[in-house]
Amino acid sequence: MGCIYKINTDGTVYAKLLNFSGTANGRSPNGPLVLSGSVLYGGTHKGGLSDEGCLFKINIDGTGFTKFLDFSINNGSQNHGLIISGNVIYGEAHEGGLYGKGCIFSFNIDSIITGGNGYTKLHEFNETDGDFPGNTLTLSGSVLYGVTLRGGAHTAGTIFKINTDGS
């Protein structure tokens, strides 16, 4: 199922912060955790309500775990890494979305506090423009760059860029 742990850079003071369990908090964490202040944000490949993965936050001391998004086949599934800029998380869902080929999304962190829906699909891949985004995005200014594992003119993948507003 997976866990989150911390360890000093010299290898001392190992501490497990969280065990993933499936439906309640996800399973198979995927991609690096991203840090904002003293809060870590991450995602899982599976688990959550639809077993399509979820997004979560946890304080660096192991307290305050919150699952704030359950992926479904409609809003994307199988998270593949996150990046953060200001109060917005950007990420890739490897599958799901309108065409089942994955999507790029954003999530406004402020909505976690207010209880709103901060999730926005920025782009849904349709095989012609790519299929199954993988690994992590790169952010430069207000442009996200990434790759897909398949799709495109020769079905061998694409390199893409998209503005953070989805254009």
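Using Cα pairs under 8 angstrom and six or more residues apart, how large is the relative contact order of the range 26-93, in percent?
29
Under a cut-off of 16 Å between alpha-carbon atoms, report the aspartates and glutamates in cross-link reach of LYS161, not counting same-chain residues fewer than 8 places apart.
GLU92, GLU124, GLU127, ASP129, ASP131
At what distance in nm do the modelled label points of ASP110 and SER140 sit from each other, each positioned 7 Å from its Cα along Cα→Cβ?
2.9
Post the alpha-carbon centroid distance, the range 1-45 to the range 111-167, in whole angstrom.
Centre-to-centre (Cα) distance: 24 Å.
At a Förster radius of 35 Å, what calculated FRET efficiency corresponds to the Cβ-Cβ distance of THR120 and SER38, to the nearest 0.05?
FRET efficiency, THR120 to SER38: 0.85.
Quick check for you: which residues of the range 54-70 have the amide N under 20 Å from the point 7 Å beyond the Cα of ALA15 toward its beta carbon?
Backbone N within reach: 57-66.
Taking just the C-alpha trace of the range 117-165, give me its Rg and Dmax in Å.
Every Cα atom of the range 117-165 included, Rg and Dmax give 11.2, 37 Å.
What length, rounded to one decimal in nm, is gained on full extension from SER28 through to ASP129, with 0.36 nm per residue of separation minus their alpha-carbon distance?
33.6 nm
What net charge is computed for the residues neighbouring SER77, neighbours being all others with C-beta under 12 Å from the C-beta of SER77, Lys and Arg scored +1, Asp and Glu -1?
It works out to a net charge of -3.
So for the chain, averaging the separation of alpha carbon pairs under 8 Å that are six or more residues apart and normalising by length, what relative contact order in percent results?
Rounded, it is 13 percent for the chain.
Give me D for the range 72-114 in µm² s⁻¹, whole number, from Stokes-Einstein with Rh from the Kirkwood sum over alpha-carbon pairs, 25 °C and 0.890 mPa s.
In µm²/s, the coefficient is 230.
Here are some pairs, LYS16/LYS101; LYS16/LYS46; LYS67/LYS101; LYS16/LYS121; LYS6/LYS46; LYS46/LYS121; which of them have Cα atoms lying more than 29 Å apart in this structure?
Over 29 Å apart, Cα to Cα: LYS16/LYS101; LYS16/LYS121.
Taking N as the number of residues in the range 80-167, what value does Rg over Cα atoms divided by 2.2 N^0.38 Å take?
1.06
Using a 1.4 angstrom probe and counting only protein chains, how large is the accessible area of GLU127 in Å², to 10?
Per-residue accessible area (GLU127): approximately 80 Å².
With a Förster radius of 30 Å, plug the Cβ-Cβ distance of TYR5 and SER85 into 1/(1 + (r/R0)^6) and report the FRET value to the nearest 0.05.
According to the calculation, E is roughly 0.70.
Roll a 1.4 Å probe over the protein chains and send me the accessible area per residue for the chain in Å².
Using a 1.4 Å probe on heavy atoms only, each residue of the chain averages 48 Å².
Could you tally the net charge around LEU17, taking each other residue with its Cβ under 10 Å from the Cβ of LEU17, Lys/Arg +1 and Asp/Glu -1?
+1
Let me know the Rg and Dmax you get for the chain when you use only its Cα atoms, in Å.
Cα-based Rg and Dmax for the chain come out at 15.8, 50 Å.
Alpha carbons only, please: Rg and Dmax for the range 1-90, in angstrom.
12.9, 43
Only helical DSSP H runs with n ≥ 4 go in: add -39500 (n - 2.57) per run for the chain, normalise by residue count and round the 222 nm mean residue ellipticity to 500 deg cm²/dmol.
For the chain, the value works out to -500 deg cm²/dmol.
The values are calculated or read from the model by the stated rules, or taken from the named source; none is laboratory data. Since the structure is predicted, the reported quantities are computational estimates derived from the model, not experimental observations. Cβ coordinates were reconstructed from backbone atoms using ideal geometry, including for glycine residues, and neighbour counts include every protein chain displayed. In case anyone asks, the SASA skips ligands and DNA or RNA and just uses the protein heavy atoms, side chains included. Shrake-Rupley method; radii C 1.70, N 1.55, O 1.52, S 1.80 Å.
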